[in-house]
Each structure stands twice: as C-alpha cells, then as structure tokens.
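Data block below; observations after.
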Amino acid sequence: MIDLDGKRALVTGGSRGIGAAIALVLAENGADVAFTYQHSAERAQAVAKSIDGTGRRAIPIQADSANPNAITRAVSHAVSALGGLDILVNSAAIGHALTSPPCARNSVSSERFVPIGLWMCGRTCWPLQWPRSR
C-alpha cells in the first residue's frame, strides 16, 4: 500500500478498464480522485460510487480527451473541485479506427494514433506541479 492520504489525482479515461482500476486504487490508498469519461455517464457514476465507498471524493468529468479545450476545462474543473492536483494519470485511449486492410495501409497516413490528450493534460498540469515546494 502507498500512503496517498490527502493527495489529489486526475485520471483521464477513468470510467472503464485500466483507468477505472487506477482511479479506484488511488482512492483506496487515500487520494481524492477526479476522472474523465467521454460517453458513458452511467459507467462514470458507477466508478464514482466505488470511489465514494472508500471514503474519498470522486469527481467524474465528461471530456473528450482528443479535444484540447475539453482537456483544459477538465483540468480546471478537477483543480477547482479538489483544491489542486498532485497526481496525473493519462489513461484515455485516443486513436482512429483502421478502415483499410493491413496490406493496403500507408504506414504514415492510415495508421494514426493521436496522443493529443496526453500532451494537453501534461501541458496543462505542468505549471500546477512544479512551482510549489514540498
């Protein structure tokens, strides 16, 4: 167990899969957790209920991690709701489905993965992390 008592976390893609598991483990170890979800408010509420069950705060935030403005708003919402951020976990999967068979793909144009949410979260959270002394 890691002592995260009083820490504040943001998990992108926290409503399902690995992101949901990470959000719950952070809460079980003492962190209050804000997390983003794109579509399923029902899944997000289920994760929030699990986090609440640990005695920690859960802040579900609807945001499309491929949209820079949505990510900026999500980080701002998390900071406002939690009073700051100590931990950032980028777990949102952002990509484009492949529509052509493997033999027809141009390795550069058809097979795209867009990690803009990862970059935007890091860029937006960076100033929140480093100016403070610990």
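The values are calculated or read from the model by the stated rules, or taken from the named source; none is laboratory data. Computed from a prediction, not measured in an experiment: that's the story for all the values here. Glycine also receives a Cβ, built like all others from the backbone with ideal geometry; neighbour counts cover every protein chain displayed. Each accessible area value is taken on the protein alone, full model and side chains, heavy atoms only, with ligands, DNA and RNA left out. Shrake-Rupley method; radii C 1.70, N 1.55, O 1.52, S 1.80 Å.
What to note about this one:
- Qualifying positions in region 2-27 - open to solvent by less than 20 Å² (accessible area, probe 1.4 Å) and either polar (S, T, N, Q) or touching a Lys or Arg at 6+ places or on another chain (Cβ under 7 Å) (or both): Thr12, Ser15, Ala27
- Cross-chain or 6+ apart pairs with Cβ under 7 Å, region 64-91 first and closer than 18 Å to Gln38 by Cβ, then modelled with pLDDT of 90 or more and assigned to a helix (DSSP H, G or I): Val89/Ile22; Ser91/Ile18; Ser91/Gly19; Ser91/Ile22
- Reported count of residues in region 54-80, each being under 18 Å from Leu26 (Cβ atoms) and surrounded by fewer than 16 Cβ atoms within 10 Å (Cβ to Cβ), is 1.
- Total residues in region 28-46, condition more than 11 Å from the chain's Cα centre (by Cα) and either open to solvent by 80 Å² or more (accessible area, probe 1.4 Å) or under 18 Å from Ala70 (Cα atoms) (or both): 8
- First in region 1-19 and farther than 17 Å from Arg57 by Cβ and assigned to a strand (DSSP E or B), second anywhere and open to solvent by less than 30 Å² (accessible area, probe 1.4 Å) and aromatic (Phe, Trp, Tyr), Cβ under 8 Å, 6 or more apart: Thr12/Phe35
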